[in-house]
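One structure below.
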Amino acid sequence: MIDRDELRFRAGDASLAGTLTLPPVEGRAPWALLVPSWLPRDRDGGWDRRGHPTWFAPGAAEPGLFERLADALAARGVASLRYDPRGCGESEGAWERTALFTRIDDARDAIGAMRSRRELDLRRTAVVGHGEGSGIAMSVAIGDPAVGALGLIGASARSARTVLRRGVGTRAHTGRHRAHPVVVALDRSVEELIEHAERGEPMLTIRVGDEPVALDLAAWDQAIHTPPLALASMLHRNVVLVHGADDAWADPEESRLLAAALAEAGNEPELTVIDGAGHDLAEASDEAVQAFADALVARMQPRELPPVLVAIEEMGG
């Protein structure tokens, strides 16, 4: 039987809440960290209607992408941790005042917190990033030799400046996600946001519905100046990419560019584009999600651990 452990871990100055899904296996299980996409999200990968109820339109209670993926991984003997980002769900902090580099540090802290768990195999670790989380996953893997595989869903390749502008045009043309007040606010303010961030201004206030929201521009400035294409040149890992053909946040061309850059850097990335699916792959079949899980699990080969992790592994028994 699959076990779901509701837990909290320390990430810098905040306490974050998450769910550790454990498969029914003997010994230590390989495991994956799941890092969410743009805008406030909950641990299951959906919009954070709990922490930001006025920012999003009401929605059906359907399984989020990460809930689906966690179940698919568990069925293949792989554990996973998914968590509420700062200011979302049950986690402390404020999403709108969290810098990108802080989100990267939070993902590193999540991995660090799990390394004391006896149920997990430290030699077989993967990170799955969705949207913005893809860049975070790559940043974490570059500095952590124990991370052996990456899964990138709806990833971007170019600067956030380019991706934001193209996404605004796509959403204006298709109307996707425009029922959400925060998406309308972001799309209306994107040029002002980019201009203020590039000028080095610290804050920008936008109106989400009737609510004034002060955005810390450090996150946006860091995203503009940290394109995943640059990260790809420093990454040497097993990588699986999947992208919805109807993604209204990052065009599938972004994953194609990223896969080409990863291949040029000496990796062997595998890319799948799913027809009819959007950014959250809600339209993707269970078989498509399972195929992504299969591809990721196949690449989770044991890694040689640095001495400090060998010591932690030995202490765990």
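No lab work stands behind these numbers, since they all come straight from the coordinates. Note that the structure is predicted; figures quoted are calculated from it, not measured. Note that we place each Cβ from the backbone using ideal geometry, even for glycine, and neighbour counts take in every protein chain shown.
Each of Ala298 and Phe101 was given a label point 7 Å from its Cα along the Cα-to-Cβ line. The distance between the two points is 3.9 nm. Here's how it looks for Asp48: its modeled amide H is under 5 Å from those of Arg41, Asp42, which are all 5 or more places away or on a different chain.
In the chain, helices alone account for a calculated mean residue ellipticity at 222 nm of -11500 deg cm²/dmol, with every DSSP H run of four or more residues adding -39,500 (n - 2.57). Any idea which of Ala230, Val308, Gly89 is furthest toward the positive side of the dipole for the chain, if Lys and Arg beta-carbons carry +1 and Asp and Glu beta-carbons -1? Towards the positive end, the residue furthest out is Val308. Normalised by the number of residues in the stretch 66-155, the mean separation of alpha-carbon contacts (under 8 Å, six or more apart) gives a relative contact order of 20 percent.
Modelled label positions at Thr162 and Glu195, each set 7 Å beyond Cα in the direction of Cβ, lie 2.3 nm from each other. Of interest is the spacing of the C-alpha centroids, which for the stretch 6-50 and the stretch 55-118 amounts to 3 Å. Over the Cα atoms of the stretch 139-182, the radius of gyration divided by the Kirkwood radius equals 1.16; this is the Rg/Rh ratio.
Ranked for footprinting exposure by Cβ neighbours inside 10 Å, fewest first, Ile2, Ile312, Ile194 give Ile2, Ile312, Ile194. Going through (i) 6, 28, 38, 22, 6, 0; (ii) 6, 25, 34, 24, 9, 2, 0; (iii) 5, 22, 30, 22, 13, 6, 1, 0, the figure that equals P(r) over Cα pairs in 10 Å bins from 0, in percent as computed for the structure here is (i). Extension gain for Ser116 to Asp3 (0.36 nm times residue separation, less C-alpha to C-alpha distance): 38.9 nm. Our summary gives the chain a relative contact order of 20 percent, counting only alpha carbon pairs under 8 angstrom and 6 or more residues apart.
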